[in-house]
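Reviewing the structure listed below.
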Amino acid sequence: MAKQEKAPSTETSKASIIQVAKEAVDARPVESDLPPVLGLDSMTPDAILAEARRSIVGEQFRQLQENVLSAQLAKSEALRIQEEERARAIKEELKQKQAAVPQQPQQQGVSSVSPAPLVTPGTGVLSGLMSNSVAAERAALVDAALKNLESDEAKLEFMKLHPELFNTSIIPFQSPSSPSQPTHQHEPPAQQANPVDMFNSMLNQFKTGMEFQRALAPQSPSIDMVTITDKFREIVDTTNKSYESIFKTIEQRNQEQLSNLNSTVIEQQKLLNDKTQELIRLQIEARERENQNLIERIKQLESIASQPPQIPIGQLKEIVAQVRNNGIPLSIDTAEQERVRREEAREDKKLEHMLSREERELELARLREERRLASINSVTSFLGGVTEAKRLSVHKMSPTAEKLAKVF
Amino acid sequence: MSTEFDYLLAQIAAMPGFPTEEVGLQLFNQYSSVPAADLVTLLTTDDRFVSYHGLVRAALHNTDLKSFAADVTRFLDLYFPSVLESINSDESKLNFYKDLITGVFEAIKK
């Protein structure tokens, strides 16, 4: 029954370990930080485990180890509690037997006086009942020692250092839940009074205890490190297999993603090429339309240039007047009109020249006349001066003048 | 009698704009109140006097103050007799006339 209960717990533990490992691996982003590729074929499971611990899930693996260790500690604690219950049951049984002993004082004195050294199952016929008290004392001792140790690690260390205290192979174990116990506990006192019957009863009890001990041997409460190591190795192997399968899954997923990416890249490149070709085609069409528009524009300009100007006459006259005002000769007349206009302009210039020459001649004539008049005036003045001088020379001074001239 | 100086005086009298006797008397009465020395300075600094100074001085070559004053008096007697009457009737004007003739002659001779 205990094996049947232990097997599912082991399976559950393995499944939980694998689940933890899978969750740890799935929690890592595959695309961003993939673990390095491992050569699993050429590596031992321990190497694979060490590599996995180092590269991928070192932290998770350490947690897994801690979980395994804590599970072992919890298991040892459960066994310790079970041992305490057994010790308590043995004490109760011993009390019941002690209560039954006053009817048989000789035997009670032998069993209670003798101390309880560690005895082997085959040392004597009374070892069945005597070993119960020894086991109770050992259980009490172990219980006290374990209670003094606080941490589970210290308790585990204590179990490693003292495996003999937990080795039940030398203890005639009798579980209170054992089905044979009620027959021995409630044995009638009349049978125990007969030495032969009592011997037979003790022999049967010893045989039953041996059988029960033999049956419970795999359930030894002692901590067997070899078993733990084997189980741990089994867990490690299972974990390695799980990691290997996970790595294969990851590698397969990576290959699938790579192939998907390659296909996507190829599709994108095809799409880009199509878009580029479409763009080039549109650019060529736009250039052709632009060239066509330019050709049509040139044709329109040529047709406009070949046509006579459509500017209104008033506006054209204003433009011509402005151009002429700026000193630029410009004509909008016909050739005959232009020729007539040029002749008229030439005649005008000739007349202007003649007029200016006549003006200069008149100015010269005027200057000559003035000079002649000035000469006449000068001659007249000279003649007047001469006349006046003659008059002055012939003038006879008056008496007043003579008188005044004599003053000097 | 200096013929050359008489000829210059006749030319002055023949020039257009030569004043009449009334205008001459009015000018003489107006300038007679001015000191003779100031009037001589005013005459000798005039542009026309400066331009004709050489000619006038050449015309008065070998001519003394008495001959010069006789020529000027005869000129005044011919063209401005009222001015001579005014000079003879007033001592101050006579002194003014004497100072003026002396100053002009000295200025021409310089």
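Can you confirm whether B:LYS66 is closer than 22 Å to A:PRO399 by Cα, touching a residue at least 12 places away in the same chain (Cβ under 8 Å), among the basic types (Lys, Arg) and within 12 Å of another protein chain (Cβ to nearest Cβ)?
no
Quick one: is B:ASP46 under 22 Å from A:LYS396 (Cβ atoms) and among the acidic types (Asp, Glu)?
Against the criterion (under 22 Å from A:LYS396 (Cβ atoms) and among the acidic types (Asp, Glu)), B:ASP46 does not qualify.
Filtering region A:379-401 down to residues that are more than 22 Å from B:MET15 (Cβ to Cβ) and more than 8 Å from every other protein chain (Cβ to nearest Cβ), which residue is least open to solvent (accessible area, probe 1.4 Å)?
A:PRO399
Could you tell me whether region A:313-331 includes any residue that is touching a Lys or Arg at 6+ places or on another chain (Cβ under 8 Å) and at pLDDT below 80?
yes
Tell me, which residue of region A:85-115 that is surrounded by 16 or more Cβ atoms within 10 Å (Cβ to Cβ), touching a Leu at 6+ places or on another chain (Cβ under 9 Å) and not polar (S, T, N, Q) is modelled with the lowest pLDDT?
A:LYS97
Which condition number in (1) out of contact with any helix residue (DSSP H, G or I) (no Cβ under 8 Å at 6 or more places or on another chain); (2) open to solvent by 60 Å² or more (accessible area, probe 1.4 Å) is the one that B:MET15 fails?
The one condition B:MET15 does not meet is (1).
Of these, A:GLU285, A:GLU318, which one is assigned to a helix (DSSP H, G or I) and open to solvent by 100 Å² or more (accessible area, probe 1.4 Å)?
A:GLU318
Select from region B:80-104 the residues that are over 17 Å from B:PRO35 (Cβ atoms), more than 9 Å from every other protein chain (Cβ to nearest Cβ) and in a helix (DSSP H, G or I) and list them in ascending order.
Those that are over 17 Å from B:PRO35 (Cβ atoms), more than 9 Å from every other protein chain (Cβ to nearest Cβ) and in a helix (DSSP H, G or I): B:SER82, B:VAL83, B:SER86, B:SER89.
Do you know which residues across region A:338-378 are open to solvent by 80 Å² or more (accessible area, probe 1.4 Å) and under 23 Å from B:GLY17 (Cα atoms)?
Answer for region A:338-378, where residues must be open to solvent by 80 Å² or more (accessible area, probe 1.4 Å) and under 23 Å from B:GLY17 (Cα atoms): A:GLU369, A:GLU370, A:ARG371, A:ARG372, A:LEU373, A:ASN377.
Go over the candidates B:PHE80, B:PHE49, B:PHE18, B:PHE28 one by one and state the one that is aromatic (Phe, Trp, Tyr) and more than 22 Å from A:ALA401 (Cβ to Cβ).
Checking each option against the conditions leaves just B:PHE49.
State yes or no: is B:ALA58 open to solvent by 20 Å² or more (accessible area, probe 1.4 Å), under 20 Å from A:GLY385 (Cα atoms), within 12 Å of chain A (Cβ to nearest Cβ) and in contact (Cβ under 8 Å) with a residue 24 or more places away in the chain?
So B:ALA58 fails the test.
Would you confirm, using the coordinates I've provided, whether A:LEU294 is open to solvent by 90 Å² or more (accessible area, probe 1.4 Å) and out of contact with any Cys (no Cβ under 6 Å at 6 or more places or on another chain)?
yes
Any residue in region A:74-90 that's in contact (Cβ under 8 Å) with a residue 24 or more places away in the chain: show its pairings with residues that are aliphatic (A, V, I, L, M) and not in a helix (DSSP H, G or I) at Cβ separation under 9 Å, as long as the two are six or more apart or on different chains.
Here the result reads A:SER76/A:ILE223; A:LEU79/A:ILE223, each pair linking region A:74-90 to a residue that is aliphatic (A, V, I, L, M) and not in a helix (DSSP H, G or I).
A:THR276 passes all but one of (1) more than 25 Å from A:GLU23 (Cα to Cα); (2) modelled with pLDDT of 90 or more; (3) open to solvent by 90 Å² or more (accessible area, probe 1.4 Å); (4) not charged (D, E, K, R); which number fails?
Here A:THR276 clears every test but (3).
Of (1) β-branched (Val, Ile, Thr); (2) open to solvent by 80 Å² or more (accessible area, probe 1.4 Å); (3) assigned to a helix (DSSP H, G or I), A:ILE328 satisfies all except one. Which?
All conditions are met except number (3).
The conditions are (1) farther than 20 Å from B:PRO81 by Cα; (2) more than 11 Å from chain A (Cβ to nearest Cβ); (3) open to solvent by 70 Å² or more (accessible area, probe 1.4 Å); (4) of a type in the set (Val, Ile, Thr), and B:THR20 fails exactly one of them. Which is it?
Just one mismatch for B:THR20, condition (1).
I'm trying to understand the selection: among the residues of region B:1-17, which are within 27 Å of B:ASP64 (Cα to Cα) and either more than 11 Å from every other protein chain (Cβ to nearest Cβ) or assigned to a loop (DSSP other than H, G, I, E, B) (or both)?
Correct list: B:MET1, B:SER2, B:MET15.
If you go through region B:33-40 one residue at a time, do you hit one that is more than 27 Å from A:SER381 (Cα to Cα), hydrophobic (A, V, I, L, M, F, W, C) and outside any helix (DSSP H, G or I)?
yes
The values are calculated or read from the model by the stated rules, or taken from the named source; none is laboratory data. Just so it is clear, the model here is predicted, and its values are computed rather than measured. Cβ: placed from backbone, ideal geometry, glycine included. Neighbour counts: every protein chain shown. Heads up: the accessible areas ignore ligands, DNA and RNA and are worked out on the full protein's heavy atoms, side chains in. Shrake-Rupley method; radii C 1.70, N 1.55, O 1.52, S 1.80 Å.
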